[in-house]
Amino acid sequence: MKTLGLVPYLNTLPLVYFLKGYDFIRAVPSKLCSLFHEGHLEAALLPVYELFTKPTGLIVKDISISTHVEAGSVLLFLKRPIDSVKLVAIDQSSLSSKHLLKLLMMEYYALDCQYEEHTPKYILQNTDSYDAYLLIGDEAIYHRTVNPLYLDLGTIWHDWTDYPFVFAVWVLREANSKLKGELLESKQMGLSKLPEIIDATSFQDKDFLKKYFQFYLHFDLGDPEKKGLELYQTKLYESKLIKDRLELKYF
């Protein structure tokens with residue numbers, strides 16, 4: 001049985017809840033990329049930053065984890081006003097979000113910050129040591145009620161560029177029409193049966209989850225998302241946060 005790679009976050013559920021016939025490995029974004037490059041995975045939901053730094057594979061058209069405005073789960077929590085932020089802790093498992101944060105702080109806010117990467121557990125135990133801290137995924141969702149002072153990176157990106165932001169895409173090791181079709185079918189079924197998925201989760205705030213899946217997140221990869229993805233690559237390159245502009249190959 002072929003193996004697919006996923007991040008261990010709620011945002012994958014509409015895409016994979018009804019996907020059958022495969023083994024799954026769940027790992028944080030940074031680890032998932034290593035597993036893909038080591039040949040352990042037929043396909044993976046990879047952070048888009050990885051596509052900008054290594055020849056990776058084929059991006060499946062029409063599927064992404066993206067946001068048109070708010071992301072809901074990529075949050076910079078503040079301990080002081082944003083224009084006073086100098087030291088930032090970053091969830092070490094992040095890739096696309098980490099570099100989006102650095103880009104926004106440099107180019108949108110014109111701030112020269114220092115960054116430290118740690119586990120979410122360490123960050124949450126030492127929040128007073130930082131001016132701000134970035135959490136992603138489920139950790140960010142849960143922490144919103146603890147510290148309601150945060151900036152949503154999806155919103156900031158949209159305010160800056162007026163484009164969607166793509167966080168992750170399905171990447172195939174090689175062309176595989178059967179797998180691509182099954183991924184598309186799984187996505188379509190998931191989006192048509194969101195109430196069933198929400199009811200099946202152990203996450204208690206069902207109202208938030210409904211907003212998260214229906215309004216915050218988007219799961220297409222059409223022209224607006226592709227333009228946002230390519231703009232992110234361009235801005236990273238112009239800001240010298242990546243060395244080259246690799247070709248993005250779609251399938």
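The values are calculated or read from the model by the stated rules, or taken from the named source; none is laboratory data. Since this is a predicted model, take the numbers as computed values, not measurements. Positions of Cβ are backbone-derived with ideal geometry, glycine not excepted, and every protein chain shown enters the neighbour counts.
Worth pointing out:
- The single condition among (1) surrounded by 14 or more Cβ atoms within 10 Å (Cβ to Cβ); (2) over 16 Å from the mean Cα position of the chain (by Cα); (3) part of a helix (DSSP H, G or I) that Phe18 does not satisfy is (3).
- Residue tally, condition assigned to a loop (DSSP other than H, G, I, E, B) and either in contact with an Asp or Glu (Cβ under 6 Å, 6 or more places away or on another chain) or charged (D, E, K, R) (or both), over the range 57-82: 7
- Which numbered condition Tyr216 fails, given (1) in contact with an Asp or Glu (Cβ under 7 Å, 6 or more places away or on another chain); (2) farther than 23 Å from Ile59 by Cβ; (3) assigned by TED's automatic domain parsing to the domain that holds Ala27: (2)
- Qualifying positions in the range 204-218 - assigned to a helix (DSSP H, G or I) and not aromatic (Phe, Trp, Tyr): Lys206, Asp207, Leu209, Lys210, Lys211, Gln214
- Options Leu124, Leu209; residue that is surrounded by 16 or more Cβ atoms within 10 Å (Cβ to Cβ), touching a residue at least 12 places away in the same chain (Cβ under 8 Å), assigned by TED's automatic domain parsing to the domain that holds Gly228 and over 21 Å from Ala43 (Cα atoms): Leu209
- Close contacts from the range 218-243, counting a first residue that is loosely packed, with under 14 Cβ neighbours inside 10 Å and a second that is assigned to a helix (DSSP H, G or I) and of a type in the set (A, V, I, L, M), with Cβ to Cβ under 8 Å and a gap of 6+ residues or different chains, come to Ser239/Leu103; Ser239/Met106.
- In the set Ser192, Ser202, only one residue is modelled with pLDDT under 95, out of contact with any Leu (no Cβ under 7 Å at 6 or more places or on another chain) and of a type in the set (Ser, Thr, Tyr); that residue is Ser202.
- Inside the range 174-203, residues that are assigned to a loop (DSSP other than H, G, I, E, B) and crowded, with 17+ Cβ neighbours inside 10 Å make up a count of 1.
- Which numbered condition Lys235 misses (of (1) modelled with pLDDT under 95; (2) under 20 Å from the mean Cα position of the chain (by Cα)): (1)
- For the range 219-251, the set of residues classified as in contact with a strand residue (DSSP E or B) (Cβ under 7 Å, 6 or more places away or on another chain), outside the structural domain of Phe52 (by TED's automatic domain parsing) and in a loop (DSSP other than H, G, I, E, B) consists of Leu248, Lys249, Phe251, listed by residue number.
- Filtering the range 94-121 to residues that are surrounded by 15 or more Cβ atoms within 10 Å (Cβ to Cβ) and of a type in the set (A, V, I, L, M) leaves Leu95, Leu100, Leu101, Leu103, Leu104, Met105, Met106, Leu111.
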